[in-house]
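The values are calculated or read from the model by the stated rules, or taken from the named source; none is laboratory data. These numbers come from a predicted model, not from an experiment. Methodologically, a virtual Cβ is constructed for each residue, glycine included, from the backbone with ideal geometry; neighbour enumeration extends over all protein chains shown.
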Amino acid sequence: MKPICPNCHSAHVVENIDINTQSMSEHLFSPKLLASLGASFCKYYKINPMIGIVAGGAIATVINLAQQKLIQPPLVKAALIPRYLCSTCQHTFSI
């Protein structure tokens, strides 16, 4: 049985699949980005760039691990509850 939108009572409802699963902070704190940023920082201050690469990669790994521990329970909960999108009024809801 297809769900009905609680907002406009339309039957034109599709399951809402979020393609963008990574948050913005995961992109900002990626190991590649912080390693290259660390290398650039070290080159500017005439320090061995390898130190910046290792430091940036380590910082990114610690940040990502901390975020995964903080985000993990809500993701499990969200995966169990399907979300729906009404094509008529663009209302997102769950049953």
Extreme residue, modelled with the lowest pLDDT, among residues of region 60-95 that are in contact with a strand residue (DSSP E or B) (Cβ under 6 Å, 6 or more places away or on another chain) and of a type in the set (A, V, I, L, M)
I81
In region 14-59, which residues are at pLDDT 90 or above and either of a type in the set (K, R) or within 28 Å of H91 (Cβ to Cβ) (or both)?
K43, K46
